[in-house]
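Contents: one structure, followed by commentary.
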Amino acid sequence: MKRVLLVDNNKVYRQVLALVLKWNTELKESAEADSLTQARRVLGSSKGKPDLAIVNLDTANADGFELMKELRMSAPEVPVLALTLSGNVDQRDRALRAGAGEVLTMDVSPKEIIEAAKRLDGEQ
């Protein structure tokens, strides 16, 4: 993956995740958004579509489900890794129906996020 979109309202979490991905994948650039509006702006930028979107479903001011549906319409080739605080099966199923390639809980290790990102991007 060359470019990833990270959607989470926690700036520190986004930045740490970007660094972890950069150190452990072929990531060259990360675009960050803390809201649905910012995510839309990033997706509409001249830099083009990301190779992967990592979306926190529980982000305040960002409907992760809506973003995934929009991605499925505008960029169906962009895989989505959904992160959630809840291990709720209904939420997981809803995320998969909305277009997530995988759903992980926020308490997973960075290694598990890296492995999922690589799987979704086809790096492995």
Please work out if GLU112 is outside any helix (DSSP H, G or I) and open to solvent by 80 Å² or more (accessible area, probe 1.4 Å).
no
Does the stretch 85-94 contain any residue that is at negative phi and open to solvent by less than 10 Å² (accessible area, probe 1.4 Å)?
no
Which ones in the stretch 74-109 are in contact with a Ser or Thr (Cβ under 8 Å, 6 or more places away or on another chain), in contact (Cβ under 8 Å) with a residue 12 or more places away in the chain and part of a helix (DSSP H, G or I)?
GLN91, ALA95
Is there a residue in the stretch 50-73 that is assigned to a loop (DSSP other than H, G, I, E, B), over 15 Å from LEU17 (Cβ atoms) and over 13 Å from the mean Cα position of the chain (by Cα)?
yes
LEU21, sole failed condition from (1) in contact with a Ser or Thr (Cβ under 8 Å, 6 or more places away or on another chain); (2) open to solvent by 20 Å² or more (accessible area, probe 1.4 Å):
(2)
Would you check which residues across the stretch 24-40 are open to solvent by 20 Å² or more (accessible area, probe 1.4 Å) and not in a loop (DSSP other than H, G, I, E, B) and list them?
ASN24, GLU29, SER30, GLU32, LEU36, THR37, GLN38, ARG40
Scanning the stretch 41-58 for residues that are touching a helix residue (DSSP H, G or I) at 6+ places or on another chain (Cβ under 8 Å) and surrounded by fewer than 21 Cβ atoms within 10 Å (Cβ to Cβ), which turns out farthest from SER86 (Cα to Cα)?
LYS49
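The values are calculated or read from the model by the stated rules, or taken from the named source; none is laboratory data. These numbers come from a predicted model, not from an experiment. So basically every Cβ, Gly included, is an ideal-geometry build from the backbone, and we count neighbours across all protein chains shown. All accessible areas refer to the heavy atoms of the entire protein, side chains included, with ligands and DNA or RNA removed. Shrake-Rupley method; radii C 1.70, N 1.55, O 1.52, S 1.80 Å.
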